[in-house]
């Protein structure tokens, strides 16, 4: 298969890929909204326009944009102390944050800041994604067992839920377990088997048939996306720093995805153009009332497998989500524990403790970076962006130590050139690391 990077006209492969990915994005958008701390309906707003508009600016024909676990977790970390999750104020801040992230990425794109694709080394990504996956799974534990987190921290709430069986709902736990089994097993049936969609439709039908009285996703307004700029603009100053962090840190995932497929298919890829397209996508999400979005490895891999030929595949995915939004109230009986199971199945493989342990004997310096990032991310929860920034700083220190220890540095220019070369070398896509980004279902 030879991919085309220009928008051109959609082909049959783009249409099939767009429909296939949309069937997965629909339930995933509801689940990832939960991670971000916003109602599921907001996930639908973030799943429609962003991939549609990004298609006109993207460089990779395979990258699928929309709600993803990593950016959702970063969003929650940025807003958790500013407003109550799920409240009207929180939703408005999440929407404004998407605009801030979009403006930052577009600006960096115009300044040809594609070098950001190489900021996070493999060691930093390994430690951060492992810790972030643990935090994401922990955030869903109360939901999967039919209880609530309350005011406790993510890890504390998960521990309290797991150790206090009196609060468990057997029905919720069984639904979550069945969801996990179905989603994990579906690729073994066929790579294109829509396990996520089947479990969602089955759960909705079962819930409606028995009039299930457990936790449901609740009201979904339906209707098409409405654009608005009625936002708390006086809070922009408070969102600039987290917006910059999410823009930079969150870009590492779509950059890694696009770079991996570009190398595999031997097609050109422009990291600066991709950065700009991700900025446009976040602007669209903010205008539509969504939250910050990014590139999804699982949906991008599915897009590639389904035969995408151009960026139109992502555009068609967004268009399909946009057109089915009036039917979203049909999903109101969906048990929340099913969404928790979807999230669990999407990220559990990203806890790479064994790889981190092996790294201790393979390369102690890189091991220090990975483990340092891992611990810092868990300690900093819910402000996980601090953990990744600590990891980047550790990586720079490790490079500097190794450079000074083994090489003679003659000028600051030499240092800068060597640093860029080091970061590029660290991030050359390897087969075993191709799915390092969060949302690795």
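Read-outs: derived from the displayed coordinates by stated rules, not from any lab. A quick note: this is a predicted structure, and the numbers were derived from the prediction, not measured. Glycine gets a Cβ as well: all are built from the backbone with ideal geometry, and neighbour counts include every protein chain shown.
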*Förster radius 45 Å - calculated FRET efficiency between residue 166 and residue 266, Cβ distance, rounded to 0.05*: 0.20
*In the calculated pair distance distribution of segment 55-194, what percentage of Cα-Cα distances lie above 22 Å?*
58
_Between residue 198 and residue 148, how high is the FRET efficiency from 1/(1 + (r/R0)^6) when r is the Cβ-Cβ distance and R₀ = 25 Å? Nearest 0.05._
0.35
*Among 13, 243, 66, residue whose mean-square fluctuation peaks in a GNM of the chain (springs only between Cα atoms under 10 Å)*: 13
_Can you sort 237, 105 from fewest to most other Cβ atoms within 10 Å of each residue's own Cβ?_
237, 105
*What are the semi-axes of the equivalent ellipsoid of segment 212-257, taken as the square roots of 5 times the eigenvalues of the Cα gyration tensor, listed largest first and rounded to whole Å?*
30, 21, 14
*How do 205-211, 18-24 rank on mean C-beta neighbours within 10 Å, highest first?*
18-24, 205-211
*Determine by what factor the alpha-carbon radius of gyration of segment 339-384 differs from 2.2 N^0.38 Å, reporting the quotient.*
1.38
*Mind checking the angle between helix 12-36 and the chain's longest principal axis? C-alpha axes, 0 to 90 degrees, to the nearest 10.*
80
*Top mean-square fluctuation among 95, 171, 272, Gaussian network model of the chain, C-alpha springs under 10 Å?*
171
*Return the single residue from 325, 160, 28 with maximal mean-square fluctuation; model: Gaussian network over the chain, springs between Cα atoms under 10 Å.*
160
_Sites residue 327 and residue 400, calculated FRET efficiency, Cβ-Cβ separation with R0 35 Å, nearest 0.05_ = 0.05
*Can you give me the P(r) profile for segment 269-349? Cα pairs, bins 5 angstrom wide beginning at 0, each as a whole percent.*
3, 10, 14, 22, 23, 18, 7, 2, 0
*Could you give the distance between the Cα centres of segment 18-48 and segment 338-362, to the whole Å?*
22
*Would you calculate the volume per residue, in Å³, of the smallest convex hull containing every Cα atom of segment 64-146?*
131
*So how tilted is helix 88-110 from the main axis of the chain? Cα-based, degrees 0 to 90, rounded to 10.*
30
*Taking the simple approach of a point 7 Å from Cα along Cα-to-Cβ for both residue 355 and residue 233, what is their distance in nm?*
4.5
*So how do 298, 235, 166, 400 line up by other beta-carbon neighbours within 10 Å, fewest first?*
166, 400, 235, 298
*Taking the chain as the reference, fit the longest principal axis to its C-alpha atoms, fit the long axis of helix 170-189 to the helix C-alpha atoms, and give the angle between the two in degrees, 0 to 90, nearest 10.*
60
_Under 19 Å from a point placed 7 Å out from the Cα of residue 305 along the Cα-to-Cβ direction: which residues of segment 8-40 have their backbone N that close?_
13-29
*Can you put 159, 233 in order, fewest other beta carbons within 10 Å first?*
233, 159
*Given only helices, namely DSSP H runs of n ≥ 4 each adding -39500 (n - 2.57), what is the per-residue ellipticity at 222 nm of the chain, to the nearest 500 deg cm²/dmol?*
-21500 deg cm²/dmol
*Give the share of C-alpha pairs in each 20 angstrom bin for the chain, from 0 to the last occupied bin, in whole percents, shortest bins first.*
27, 60, 13, 0
